[in-house]
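Written below as structure tokens is the structure these notes are about.
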Amino acid sequence: MNSKKLSQRLRLCADFVTEGCRVADIGTDHGRLGAQLLLTGKCGKVWFSDISAPSLEKARGLIARRGLQERAEFFVGDGARALPGAPDAAVIAGMGGETIAAILRGAGGRLADSVLVLEPNVGAELVRRALMETGRRITDERVVRAARRRYVLIRAEKGEAAYTERDLIVGPVLRKEPSEAFREYAAFRLRVAQKALAGAEKSGHSEKDALLTEMEYWREIVEC
């Protein structure tokens, strides 16, 4: 197995991990990311955790086939609470933003000093808010396209941050230097917000003002 077999999304997650650290792959599922970190020597130790025991067995099988058992440990449980201690870094990828935010808020001290690599499938703004509220600052953000979808990757470290609503929705790092991939993502989010606004106007929901504000944020990126 090599980096070419990882999706672009997981390759960027691997790039965001600090070299030489002990990393926890929370919600590991198939275990490919952690296996790659071990195979390349980027990380000396990987903790694989998942709330699903059958999913964790897939990761255990992959690690066994690669002969990496001595540098891997496996834990069944919910979020960071499954871990035996505090890792140097933690990857939480492939979940909804609400789930990742709940993991961050429920981690206790286990992830307090960890470098965090986060990839929410949806709801990146919820993750950014949870980071700010739990004493983390965002150090990097990227948009990556894989399998016809666009994903937002966030790297964060311990530190105070005071993000505006625009920062939380658009991304404090992403909006400073918009890439072409980010503009495409902004155009997609603008279409989603426009569709949601049409539905809100028909139903009379009170979220219209928030949607109009969000549309303004995304339109500025698209037209930049």
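Residues of the range 17-50 that are among the β-branched types (Val, Ile, Thr) and either part of a loop (DSSP other than H, G, I, E, B) or surrounded by fewer than 21 Cβ atoms within 10 Å (Cβ to Cβ) (or both): Val17, Thr18, Thr28, Thr40.
Within the range 51-64, being surrounded by fewer than 19 Cβ atoms within 10 Å (Cβ to Cβ), hydrophobic (A, V, I, L, M, F, W, C) and out of contact with any Gly (no Cβ under 7 Å at 6 or more places or on another chain) holds for Ala53, Ala64.
Within the range 191-222, being closer than 27 Å to Gln8 by Cα and not in a helix (DSSP H, G or I) holds for no residue. The set of residues from the range 100-112 being buried (at least 19 other Cβ atoms within 10 Å of the Cβ) and within 13 Å of the chain's Cα centre (by Cα) comprises Ile100, Ala101, Ile103, Leu104. For the range 24-44, what are the residues that are farther than 16 Å from Leu62 by Cβ and not basic (Lys, Arg)? Answer for the range 24-44, where residues must be farther than 16 Å from Leu62 by Cβ and not basic (Lys, Arg): Ala24, Ile26, Gly41, Gly44.
Is it the case that some residue within the range 197-204 is at positive phi, loosely packed, with under 13 Cβ neighbours inside 10 Å and either out of contact with any His (no Cβ under 8 Å at 6 or more places or on another chain) or modelled with pLDDT under 90 (or both)? Scanning the range 197-204 turns up at least one residue that is at positive phi, loosely packed, with under 13 Cβ neighbours inside 10 Å and either out of contact with any His (no Cβ under 8 Å at 6 or more places or on another chain) or modelled with pLDDT under 90 (or both). Step by step: first the residues of the range 71-99, then only those that are among the acidic types (Asp, Glu) and either buried (at least 16 other Cβ atoms within 10 Å of the Cβ) or modelled with pLDDT of 95 or more (or both), then the one that is nearest to Val152 (Cα to Cα). Which residue is that? My answer is Glu98. Identification of strands (runs of 3 or more DSSP E) wholly contained in the range 113-190 with 3 or more residues that are open to solvent by 20 Å² or more (accessible area, probe 1.4 Å) and not polar (S, T, N, Q) yields 136-146, 149-158. Only one entry of Gly67, Gly97 meets the criterion of being without any contact (Cβ under 8 Å) to a residue 12 or more places away in the chain and not basic (Lys, Arg), and that entry is Gly67.
The values are calculated or read from the model by the stated rules, or taken from the named source; none is laboratory data. None of these values were measured; they are calculated from a predicted model. Note: ideal-geometry Cβ built from the backbone for every residue, glycine included; neighbour counts use all protein chains shown. All accessible areas refer to the heavy atoms of the entire protein, side chains included, with ligands and DNA or RNA removed. Shrake-Rupley method; radii C 1.70, N 1.55, O 1.52, S 1.80 Å.
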